[in-house]
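Read the structure below first, then the notes.
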Amino acid sequence: MNKLYFFGALALLVLGCKEKQTEVETAQEPEHYSEPYRPQFHFSPAANWMNDPNGMVYHDGVYHLFYQYYPDDTVWGPMHWGHAVSKDLVHWEHKPIALYPDEHGLIFSGSAVVDKQNTSGFATNGETPLVAIFTYHNMEGEKAGRTDFQTQGIAYSLDNGETWTKYEGNPVIGNDGIKDFRDPKVTYHEESKKWILTLVAGDHAQFYASPNLKDWTLMGEFGKEYGAHGGVWECPDLFPLQVEGETGSKWVLLISINPGAPNGGSGTQYFIGEFDGKTFTTDQKEPKWVDYGTDNYAGVTYNNEPNGDRIFIGWMSNWDYARHTPTEKWRSSMTVPRKFALKKIGSDYFLAGFPIDGIDDLVSSDLSNGWEIDPNETATQTIEGLDQSVTQVKTASKDFSITFQNAMGEALALTMDAESNQFSVDRRKSGKVDFQEEFGNKIHVAPTDMLQGETYDIKILMDQSSVEIFINGGLLAMTEQIFPNEPYNSLTVQNNDPKANVMIESIKKMESIW
Ligand code: FRU
């Protein structure tokens, strides 16, 4: 079921959500961020509901993270943009809500840019404007059965994101009757010297160009005949990325889709191709997936990243069960930031997303010495502290499983299966799973054919309520929420390969960022 129909009585609440002054619910620092399941090295709001990351932009020493936020409850409601800042993308400081609903509607997902040349004219005293571009979702219009209730608006900040002013000429892109018309991602296109805005229009993406962020012209469309279409397209992103080991770049188009992901519900597909300032083209008909887990959605990348890196953050949840997860004070968190690389394998291109180096700075003491599991052997170690850990595995084994478990018999099993040539995550008995049917009803599988080489290098990041698995530099990633009733404290490795060992190289504690 689409969450957009969940408004019901919430409609009335919008009226009470007019621009308030800025010291608000989110600004208070959390006591210790120590509630059950509170992520310790992932971003989560101090309280209440969060979904997509928005407006990810770097400016003047500050990484901004805005996010879809409902400040009055732990379920989705009238959307605002929450705000947090970071110097390193690892430690975060909460800021007051940046954007409130207004007469045009709720503030849905979007992006932000640094308008270095003041093309918008918003700066009058030499400041550098930050400009946010977002979707207005007009509740009254939706309730009245109209189809033009999503439009695009902009707002600007002249003090590096501290305060925001909506543009008086909003909306800047109107709607001719496309019901799902949203999530603008804007970047500057050097070649055409124009701003390019990518948004989704139901089953395809549209590309607009502008000289000033205010006047937009539709340039092209992509996607009706491409990729997965099990649900509505959402949250696009479009960027060039250098092909690893080559001098040339390709363009990457990310498209989130809900439902229709490989393991159910929400997921993010990508296309590799070309962009000429007007439209995106590719020969890739079939979707590729940023992540095969069920909990990495609506992710996009940073604008203006100072090192020229492409850094991605996704929402670590799934619309199938996002409102039902067993946390009380807040709901949901973000993935760790991941740096994208583009790899050519054979004649094909694949995106690899791997935790940024800064995440390594959180790695501290050993929880276990490394150990080796011989061919056809099974071994178990008791290890305290797995609930906040990083495990490094290296192996040429093509058939093994790694199972995290606790004394209650709850278990999370990660399996590489030689016969089916698949990697899988089984969280069916991982802890609390029955808060919603889809959460624990099946094993989640991923193909392994994009993994090159004879060995697997596996990094497993486990936090209080999530696991992120990266194989061979993130060519295969799986991100999953988990809610064990007590921390896992033992690890069993079953090696079914007749020839190769499995090396658990290290298991280390991850420090808290809060
Ligand atoms: C994706 C999404 C976006 C929309 C936002 C509303 O999760 O549905 O398409 O802008 O969430 O909160």
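The values are calculated or read from the model by the stated rules, or taken from the named source; none is laboratory data. The structure presented is a predicted model; accordingly, all values stated were derived computationally and were not measured. Note that we place each Cβ from the backbone using ideal geometry, even for glycine, and neighbour counts take in every protein chain shown. Protein only, heavy atoms only, side chains kept; ligands, DNA and RNA dropped before computing areas. Shrake-Rupley method; radii C 1.70, N 1.55, O 1.52, S 1.80 Å.
Before moving on, here are some points about what is shown:
- In terms of its C-alpha gyration tensor, region 147-271 comes out oblate, because a/c is 1.5 or above while a/b does not outweigh b/c.
- Fraction of accessible area attributable to carbon and sulfur, region 400-499 (%, probe 1.4 Å): 44 percent
- Among V300, N48, Y136 the positive-end extreme of the charge dipole of the chain (Cβ point charges): Y136
- GluC sites (Glu not before Pro) within region 409-445, DSSP loop, no more than 13 other Cβ atoms inside 10 Å: E419
- CD proxy at 222 nm, helix term only [per DSSP H run n ≥ 4: -39500 (n - 2.57); per residue of the chain; nearest 500]: -500 deg cm²/dmol
- A simple charge model with +1 on the Cβ of Lys and Arg, -1 on the Cβ of Asp and Glu and nothing else charged puts the dipole of the chain at about 740 debye relative to its Cα centre.
- Shape of region 77-124 from the C-alpha gyration tensor: oblate (a/c of 1.5 or more and a/b not above b/c, with a ≥ b ≥ c the square roots of its eigenvalues).
- Accessible-area composition of region 92-230, carbon plus sulfur, in percent [1.4 Å probe]: 44 percent
- Charge-dipole axis of the chain as Lys and Arg at +1 and Asp and Glu at -1 on Cβ define it, positive-most pick from L451, S192, W216: W216
- Loop GluC sites (Glu not before Pro), region 66-151, which have at most 12 other Cβ atoms in a 10 Å radius of their Cβ (DSSP): E103
- For the set K343/K398; K343/K499; K179/K432; K344/K432; K185/K459, the pairs lying more than 32 angstrom apart at their alpha carbons are K179/K432; K344/K432.
- Filtered trypsin sites (Lys or Arg not before Pro), region 192-251: DSSP coil and at most 16 other beta carbons within 10 Å: K193, K224
- Put simply, the amide H of S368, placed in the peptide plane, has neighbours under 5 Å in I507, leaving out anything fewer than 5 places away on its chain.
- Relative contact order %, the chain, counting alpha carbon pairs below 8 Å whose residues are six or more apart: 13 percent
- Taking the three principal axes of the alpha carbon atoms in the chain, the coordinate ranges are 68, 50, 44 Å, sorted in descending order.
- Accessible area per residue in Å² at 1.4 Å probe, computed on the chain: 37 Å²
- Rounded to the nearest Hz, the phi-derived 3J(HN,Hα) couplings of region 380-391 under the Karplus curve 6.51 cos²θ - 1.76 cosθ + 1.60 (θ = phi - 60°) are 10, 10, 8, 9, 7, x, 5, 5, 8, 9, 10, 10, where x marks glycine and proline.
- Percent RCO, i.e. relative contact order, over region 417-514, from Cα pairs under 8 Å lying at least 6 residues apart: 20 percent
- Three-way shape call for region 214-300 based on the alpha-carbon gyration tensor, with the a/c threshold at 1.5: oblate
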